[in-house]
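The values are calculated or read from the model by the stated rules, or taken from the named source; none is laboratory data. Only a predicted model underlies this, so the values are computations on that prediction, with no experimental measurement involved. Glycine gets a Cβ as well: all are built from the backbone with ideal geometry, and neighbour counts include every protein chain shown.
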Amino acid sequence: MTTARRLTEETLSAHYLLLLCQHLHTRGISSEQVLAGTELGLAELEQPNRQVPLALCLKVFANTQRLLPDPGLGLHLGQLLNIRSHGFLGYAVLSSRTIGEATDLAVRYFRTRTSLLEIRLFREGEMAVIQLDERVPLGSIKVMVLDALISLFMVCGQQVTGRKFNAEIRLSYPEQAHHAELRAQLGDRLSFDCAFTQVRFPRAGLQMPLGLPDPQLLAMAKVQCEAELQRLHDEGGLLPDVRRITKLRLAETATLESVANDLHLSPRTLRRRLAELGTSFQMILEQLRRGRAVELLLHSGLSVDQIATELGYLDPSNFGRAFRRWTGQSPRAYRTARLLSPSNPKAPARAI
């Protein structure tokens with residue numbers, strides 16, 4: 001039976017679920033057990049460019065955690081993948097000229113692999129930062145999914161550069177016993193309970209040449225990635241629209257009612273459709289506020305009170321309480337600690 005995808009739902013490339021089934025088969029678990037309750041079969045997972053809706057992904061991962069309660073499974077899965085496991089995106093990265101070009105391509109075409117998370121690249125002082133944000137709450141599978149992605153970054157980074165992985169990794173969840181292997185590899189370059197999940201390295205590294213540049217393969221891979229990206233764009237989606245409108249309205253106190261009006265929906269309908277996707281307007285608003293708050297604290301001369309206004313807080317103390325909830329620090333303490341960090345020695349002075 002073919003399972004239709006709701007156009008508003010976030011997805012994951014079926015190829016990754018196929019690889020998961022193949023790995024679990026080597027550990028004595030059948031694909032029927034892994035896919036139970038999803039109406040999916042291996043034949044569907046093998047279809048080119050197939051995307052699996054969030055609800056089915058959650059069911060597959062829940063089955064996996066029940067059948068194989070291995071906290072380190074995410075790290076193991078990431079290690080099993082290589083750059084060619086990611087279709088034409090993998091070939092585009094592999095045939096790029098520099099780390100910067102490869103990273104830009106990964107950011108642009110990440111959507112062709114999954115929309116469960118958002119990836120972006122930005123500069124922070126002398127550092128280049130790759131940041132991963134949840135587009136929808138991942139709940140109990142968050143650690144497994146992000147473990148897999150971090151492990152994958154390390155594998156692919158070494159594959160494309162031919163060098164040992166030397167970046168700093170910050171994870172937005174607590175350290176667990178199964179992270180001992182990761183700690184052994186990274187030492188003090190690994191941090192937990194951070195505000196964001198990030199891979200950080202000196203921005204000069206963006207200019208590092210890669211060993212297998214291939215202009216013809218790169219051009220072909222980019223054409224294929226663009227076609228896939230356009231197909232996904234044509235299918236539409238509610239969450240990108242909600243995030244876009246909410247971000248534009250931050251300074252004027254974005255509300256569910258105002259965003260629903262812009263989308264020509266009733267507030268009740270918007271609330272229900274977001275709940276079907278496992279999120280809420282308040283979760284989206286807080287995620288956008290958190291990201292914008294950090295950007296303004298580190299990269300603007302605005303005072304904390306001015307930043308509170310930019311984020312739609314009528315009372316700066318409410319912003320302070322929210323920021324402590326997100327990061328465990330006050331906005332002023334967070335700004336001071338980051339500006340004095342050795343990774344950002346040349347950051348200009350900003351208003352506290």
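All of 254, 260, 275 fail the test of being in contact with a Pro (Cβ under 8 Å, 6 or more places away or on another chain) and either under 30 Å from residue 54 (Cα atoms) or modelled with pLDDT of 85 or more (or both), apart from 260. Figure legend. Inter-residue proximity from segment 41-52: first residues touching a residue at least 40 places away in the same chain (Cβ under 8 Å), second residues part of a helix (DSSP H, G or I) and hydrophobic (A, V, I, L, M, F, W, C), beta-carbon distance below 7 Å, spacing 6+ or different chains. Indicated pairs: 44/14; 51/14; 52/14; 52/17. Filtered by the rule that a residue be surrounded by 15 or more Cβ atoms within 10 Å (Cβ to Cβ) and outside any strand (DSSP E or B), segment 193-210 gives 195, 196, 203, 205, 206, 208, 210. Within segment 176-191, identify whether any single residue is of a type in the set (A, V, I, L, M, F, W, C) and in a loop (DSSP other than H, G, I, E, B), and answer yes or no. No, every residue in segment 176-191 fails to be of a type in the set (A, V, I, L, M, F, W, C) and in a loop (DSSP other than H, G, I, E, B). Taking the conditions (1) within 19 Å of the chain's Cα centre (by Cα); (2) in contact (Cβ under 8 Å) with a residue 24 or more places away in the chain; (3) closer than 23 Å to residue 291 by Cβ in turn, residue 151 satisfies each one other than (3).
Can you tell me which residue is farthest from residue 247 (Cα to Cα) among those in segment 297-333 that are in contact with a Ser or Thr (Cβ under 7 Å, 6 or more places away or on another chain) and not in a loop (DSSP other than H, G, I, E, B)? The extreme case among them is 324. Any residue in segment 243-264 that is buried (at least 18 other Cβ atoms within 10 Å of the Cβ), farther than 26 Å from residue 139 by Cβ, in contact with a helix residue (DSSP H, G or I) (Cβ under 9 Å, 6 or more places away or on another chain) and not acidic (Asp, Glu)? No, segment 243-264 has no match at all. With a requirement of 1 or more residues that are under 30 Å from residue 88 (Cα atoms), in contact (Cβ under 8 Å) with a residue 60 or more places away in the chain and not polar (S, T, N, Q), the helices (runs of 4 or more DSSP H) lying completely within segment 211-286 that satisfy it span 215-234, 238-248.
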